[in-house]
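Quick notes on the structure that follows.
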Ligand SMILES: [Zn+2]
Ligand SMILES: [Zn+2]
């Protein structure tokens, strides 16, 4: 319950302390406050002020003290999460989301917290808010069908909240997150169920989340299909090359295959298919995505999906990405051409099949290549050779 009306001296002091960003003083003051769900003259709560300051410690203290994260009497209907999005502090956003903050509440100009964050350019907050799934949503499947094996709950939760939705990264996560790759059928079934459940939530429905579940289920299904095909290939003694690769590698190789114009046509075609397969064809998001994809100069399906899930980035997008998995600000460069960038050696290895031809050409204009602290054990034979030649 919120308390309106005249504030006591100590309650007034609470607002002052937060305004001054004085975390230590807040700590000593809080035990003296009976009810932290109080409002100042602008109908803002202490928690909303702390969120706007972007002070995670203060926010956590106020939550622990019983702050209602969804209490909203602000005249423009800003929630604590709106203020957190404006502050640009990811940790504050996470603290509020973990405490049950609703992300679909709109302010008086019809914007959600993530849209306000996007408006002021805090894109990592947008990504965090848009990709957040409450743990209860996963726990539901520990008791209800389709059933999720208990030991998968944590990796599955992490999987559905992944921010980088490049299909290579999704496939790598399916392979690397504990237990997922052995339970792809269950994961696919749960994702489809979550998608349908999300769309039936009425006013609480989150189309973006529903689409993301759908998208992840499509990729899981792709790996399932490839695995089956590989089994058949083993029987038939065909496709010598494909048999040597594990499914993730095989999938990655297909995705990264460049066409003549150096575009990733297979990847684009596949993602367009995933969009078209979204079963809720009346929803706004689906229509927007289809519209974006029509026309001669349409952006890639990957950028349309990324914009739908993680928000539009505008024109200031100068962030470098890994050539293999799309991860932002990768730490490594190809040692030879020094042009293409990768997260790590595994990403470099996965791309090498296609990059090896382009590498020499790209590197012609640079001087002696530098090594990137090679650890030969992790490299495929071809990259090892390359490093030796250097
Ligand atoms: Zn990468
Ligand atoms: Zn190279």
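Here are the numbers for the structure shown:
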| read-out | value |
| --- | --- |
| Region 214-295 shape via C-alpha gyration tensor axes, a/c threshold 1.5 | oblate |
| Tensor-based shape of region 4-43 (alpha-carbon gyration tensor, a/c under 1.5 rounded, otherwise prolate or oblate) | oblate |
| Prolate/oblate/rounded label for region 135-310 (Cα gyration tensor, a/c 1.5) | oblate |
| Selected from 305, 129, 33 as most flexible by GNM, with the chain as the system and alpha-carbon contacts under 10 Å | 33 |
| Hydrodynamic radius (Kirkwood) for the chain, which is based on Cα pairs only, to one decimal in Å | 23.7 |
| Kirkwood hydrodynamic radius of region 9-131, from inverse mean 1/r over distinct Cα pairs, in Å | 14.0 |
| Kirkwood-type radius of region 243-332, with distances r between different C-alpha atoms, in Å | 15.0 |
| Most mobile of 269, 326, 54 in a GNM of the chain (Cα contacts under 10 Å) | 269 |
| nm² value of the averaged projected area, convex hull over the Cα atoms of region 151-246 | 6.8 |
| Helix 265-276 axis, angle to the chain major axis (alpha carbon atoms, nearest 10°) | 40 |
| Part-to-part distance (alpha-carbon centres) for region 174-194 and region 60-94, which is given in Å | 33 |
| Relative contact order %, region 136-282, counting alpha carbon pairs below 8 Å whose residues are six or more apart | 19 |
| Angle between the chain longest axis and helix 247-256 axis [Cα atoms, degrees, rounded to 10] | 90 |
| Max mean-square fluctuation residue, GNM over the chain, Cα-Cα springs under 10 Å, options 248, 23, 112 | 23 |
| 0 to 90° range, to nearest 10: angle between helix 184-199 axis and the chain longest Cα axis | 40 |
| Relative contact order for region 9-131, counting Cα pairs under 8 Å that sit 6 or more residues apart, in percent | 20 |
| The chain: relative contact order in percent, alpha carbon pairs under 8 Å with at least 6 residues between | 9 |
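A short reminder: the numbers here are calculations on the coordinates, not readings from a lab. Worth saying up front: this structure is predicted, and the values here are computed from it rather than measured.
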